[in-house]
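> What follows is a structure written as structure tokens; I'll ask about it next.
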Amino acid sequence: MKIRESGMPAENQWEDFFDPGKIQVTMGFDHGVVNAIDFECGYGTFTIPASKLINGTIYAIDIEEEMVKRVTEKAINENLINVKAMLCDFILEGSGLKDQSVDYAMLFNILRAEKPEGLLKEAYRILIPGGKFGIIHWSYDPETPRGPPIAIRLRPEQCIKWASDLGFKLDSRHDLNLYHYGLVFSKPI
């Protein structure tokens, strides 16, 4: 199931929005993470740097075959053997990963789905106790020069409520750049 279109910019422009390494550290993604998942991996903006920080596997899943191919090619070009890029309709079918199999789930610029609570439930299912997940989303500000329509942007408070209702604990909240905010949650032990 395709997620509502957000008007994703070209790869070079998209990557200009972020310093992935810095943002990942801010979002609690570090060398302590063993296995991780990047829901809707896109161009691999966060997948590729994340693969260099962890000892386990990073699952890069996307519904778009072109994005999966792109991430696979980048991983091959950089000799990264811990990237597993998968074509997957995770909205309808879930991630396909085992219960409690990852330490960190990246939900970066993806909660614009029709029913984002389903993605949060899937993150809860696959995270180990004490595992973390991060949300990055476009700021809820109509003056932002780029980004999806305001109608599909989420206020941080809505994300916090959904996650809290599932039992997640908010660990931190961040202004990441002019366009995005970040939230980090943990699954109870």
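> Run TYR59 past the list (1) assigned to a loop (DSSP other than H, G, I, E, B); (2) free of Cβ contacts under 8 Å to residues at least 60 places away in the same chain; (3) surrounded by 19 or more Cβ atoms within 10 Å (Cβ to Cβ); (4) not basic (Lys, Arg) and report the number of the one that doesn't hold.
That leaves (1) as the condition not met.
Quick grid of which residues meet (1) farther than 17 Å from LEU107 by Cβ; (2) assigned by TED's automatic domain parsing to the domain that holds GLY96; (3) among the hydrophobic types (A, V, I, L, M, F, W, C):
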site: THR26; (1), (2), (3): no, no, no
site: GLU40; (1), (2), (3): no, yes, no
site: ILE48; (1), (2), (3): yes, yes, yes
site: GLU66; (1), (2), (3): yes, yes, no
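> Can you tell me which residue is nearest to ILE126 (Cα to Cα) among those in region 175-189 that are in a strand (DSSP E or B) and within 15 Å of the chain's Cα centre (by Cα)? Give the derivation first.
Here is the first cut: in region 175-189, the residues in a strand (DSSP E or B) are 175, 180-186.
The next check asks that each one be within 15 Å of the chain's Cα centre (by Cα); those that pass are 180-186.
Details: HIS180: 26, TYR181: 24, GLY182: 21, LEU183: 19, VAL184: 16, PHE185: 14, SER186: 12 Å.
Checking each candidate, the answer is SER186.
> While we're looking at this one, here's another question. Which pairs turn up if I take residues in region 141-167 that are on the phi > 0 side of the Ramachandran plot and look for partners that are among the hydrophobic types (A, V, I, L, M, F, W, C) with beta carbon separation below 6 Å, at least 6 apart in sequence or on another chain?
GLY147/TRP138
> Taking TYR104, is it buried (at least 20 other Cβ atoms within 10 Å of the Cβ), under 22 Å from LEU154 (Cβ atoms) and not small (Gly, Ala, Ser)?
Details: buried (at least 20 other Cβ atoms within 10 Å of the Cβ): yes; under 22 Å from LEU154 (Cβ atoms): yes; not small (Gly, Ala, Ser): yes.
Against the criterion (buried (at least 20 other Cβ atoms within 10 Å of the Cβ), under 22 Å from LEU154 (Cβ atoms) and not small (Gly, Ala, Ser)), TYR104 qualifies.
> Kindly list, by first and then second residue, each pair from a residue in region 113-132 that is at positive phi to a residue that is modelled with pLDDT of 95 or more, limited to pairs with Cβ atoms under 7 Å and residues at least 6 apart or on different chains.
GLY130/SER186; GLY130/LYS187
The values are calculated or read from the model by the stated rules, or taken from the named source; none is laboratory data. All figures in this text were calculated on a predicted structure; none of them were measured in a lab. Reconstructed Cβ throughout: ideal geometry from the backbone, glycine too, with neighbour counts over all protein chains shown.
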